[in-house]
Amino acid sequence: MIDKTLVQPPTVLSSSEDSTSDVIDLVPKIRASDVNVSYSGNQAIKNVNLDIKSKAVTALIGPSGCGKTTFLRCINRMNDLIEGCEVTGNITLDNEDVYGADVDVVVLRRRIGMVFQKPNPFPKSIYENVAYGPRIHGQAAKGDELDEIVERSLIRAGLWDEVKNRLEAPATGLSGGQQQRLCIARAIAVEPDVILMDEPCSALDPIATARIEELIDDLRTKYTIVIVTHSMQQAARVSQRTAFFHLGELVEENEAKVIFTNPSDERTRAYVTGSIG
């Protein structure tokens, strides 16, 4: 259950707070301009304009059904898979149009990895879960090179020491938190530029959640991360930038500490203080 009290800026992850000023002036990694999404004619998000900074965590918060996940799925065109979904406007990655006619969606989704709400390891071994992406994308076919990618990815995901002696064991035998870290290792194995996370801790216990949050803070030094979360406490702990969505609109976006202590819009203030939700 969300703790709907006024959320204070993070205190335990001081590196996140200290780095905020470093990311403010960077050229946006992702830029969304006048993005609208509708499902079979029913509008889900309206005129969203949002710059997402490079090598920082941007949290998308707001009540259920406000458009957070819909917007997240626009970034790597996952909404293409939904019949009747129409996306208009413009989204760029490194100034390249994500929806351009010449864009290879497979390549796009390699550059923009995604971690889902519920851990979804393949019904394969731990090793094969991580090796799958680099193999199909031609980054490594076999042998020592693939072994190095698997080891490096599991180390980055904070899982190597726990699984290094059972890489051929089924991934489905891992705990929920380990499975989610394996899915993160699988995402980063193909060396993406961006990692999208859709409620990555909602199915996890507090201990596993803390491990994932620590991992997010480590990964942001190398990757641009966008996370959807219903937990305002989590958003305050892990993000440098926070965007508040309400009824399909982006109400405001700012430094996380500003959103949670001195937002400019009364709707944001009402949400973070628990008056609406």
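The values are calculated or read from the model by the stated rules, or taken from the named source; none is laboratory data. The shown structure was predicted, so the numbers you read here are calculated from the model rather than taken from an experiment. Heads up, the Cβs are rebuilt from the backbone with ideal geometry, glycines too, and the neighbour counts pull from every protein chain shown.
Residues that are in contact with a helix residue (DSSP H, G or I) (Cβ under 6 Å, 6 or more places away or on another chain) and either of a type in the set (D, E) or closer than 23 Å to C201 by Cβ (or both) within the stretch 53-78 comprise K53, A56, V57, A59, L60, I61, G62, R73, N76, listed in sequence order. For the stretch 254-271, does any single residue satisfy the condition of being touching a strand residue (DSSP E or B) at 6+ places or on another chain (Cβ under 6 Å), within 30 Å of H137 (Cβ to Cβ) and in contact (Cβ under 8 Å) with a residue 12 or more places away in the chain? For the stretch 254-271, residues touching a strand residue (DSSP E or B) at 6+ places or on another chain (Cβ under 6 Å), within 30 Å of H137 (Cβ to Cβ) and in contact (Cβ under 8 Å) with a residue 12 or more places away in the chain: absent.
Does G138 qualify as being more than 28 Å from E168 (Cβ to Cβ) and surrounded by fewer than 16 Cβ atoms within 10 Å (Cβ to Cβ)? When the stated conditions are applied, G138 does not pass them. Answer yes if at least one residue in the stretch 237-245 is part of a helix (DSSP H, G or I), within 13 Å of the chain's Cα centre (by Cα) and either closer than 30 Å to Y127 by Cβ or charged (D, E, K, R) (or both), and no otherwise. Checking the stretch 237-245: at least one residue is part of a helix (DSSP H, G or I), within 13 Å of the chain's Cα centre (by Cα) and either closer than 30 Å to Y127 by Cβ or charged (D, E, K, R) (or both).
Is it the case that some residue within the stretch 58-73 is modelled with pLDDT of 95 or more, part of a strand (DSSP E or B), out of contact with any Pro (no Cβ under 6 Å at 6 or more places or on another chain) and exposed (fewer than 15 other Cβ atoms within 10 Å of the Cβ)? Scanning the stretch 58-73, I find no residue that is modelled with pLDDT of 95 or more, part of a strand (DSSP E or B), out of contact with any Pro (no Cβ under 6 Å at 6 or more places or on another chain) and exposed (fewer than 15 other Cβ atoms within 10 Å of the Cβ), so the answer is no.
Could you list all residues from the stretch 166-192 that are of a type in the set (D, E, K, R) and closer than 30 Å to P63 by Cβ? The one that is of a type in the set (D, E, K, R) and closer than 30 Å to P63 by Cβ: R181. Being surrounded by fewer than 16 Cβ atoms within 10 Å (Cβ to Cβ), assigned to a loop (DSSP other than H, G, I, E, B) and touching a residue at least 40 places away in the same chain (Cβ under 8 Å), is that true of even one residue in the stretch 141-164? Looking for residues that are surrounded by fewer than 16 Cβ atoms within 10 Å (Cβ to Cβ), assigned to a loop (DSSP other than H, G, I, E, B) and touching a residue at least 40 places away in the same chain (Cβ under 8 Å), one finds none in the stretch 141-164, hence no. Residue count for the stretch 223-232 under the criterion of being modelled with pLDDT under 95 and either of a type in the set (S, T, N, Q) or surrounded by fewer than 23 Cβ atoms within 10 Å (Cβ to Cβ) (or both): the result is 2. Only one of the numbered conditions (1) under 17 Å from the mean Cα position of the chain (by Cα); (2) more than 21 Å from L154 (Cα to Cα); (3) surrounded by fewer than 17 Cβ atoms within 10 Å (Cβ to Cβ); (4) among the hydrophobic types (A, V, I, L, M, F, W, C) is violated by A210, and that is (2).
Starting from residues that are more than 17 Å from the chain's Cα centre (by Cα) and among the hydrophobic types (A, V, I, L, M, F, W, C), keep the ones in the stretch 67-97 and report whichever is farthest from K46 (Cα to Cα).
Initial filter on the stretch 67-97 (more than 17 Å from the chain's Cα centre (by Cα)): 80-90, 94-97.
If we keep only those that are among the hydrophobic types (A, V, I, L, M, F, W, C) too, we end up with 81-82, 85, 87.
Working: L81: 20, I82: 18, C85: 14, V87: 10 Å.
Among those residues, the one meeting the criterion is L81.
Taking the stretch 78-120 as the region of interest, how many residues are among the small types (G, A, S) and closer than 21 Å to I227 by Cα?
Step one: list which residues in the stretch 78-120 are among the small types (G, A, S), which gives 84, 89, 100-101, 113.
Imposing the further condition that a residue be closer than 21 Å to I227 by Cα reduces the set to 113.
Selection size over the stretch 78-120: 1.
Any residue at all in the stretch 178-195 that's outside any helix (DSSP H, G or I), at pLDDT 95 or above and among the basic types (K, R)? No: zero hits.
Of the residues making up the stretch 76-83, one or more are among the aliphatic types (A, V, I, L, M) and free of Cβ contacts under 8 Å to residues at least 12 places away in the same chain.
If we scan the stretch 215-235, do we find a residue that is part of a helix (DSSP H, G or I), basic (K, R) and touching a residue at least 40 places away in the same chain (Cβ under 8 Å)? Walk me through how you get there before you give the answer.
Taking the stretch 215-235 first, the residues part of a helix (DSSP H, G or I) are 215-219, 232-235.
In the following step, the residues that additionally are basic (K, R) were identified as none.
Scanning the stretch 215-235, I find no residue that is part of a helix (DSSP H, G or I), basic (K, R) and touching a residue at least 40 places away in the same chain (Cβ under 8 Å), so the answer is no.
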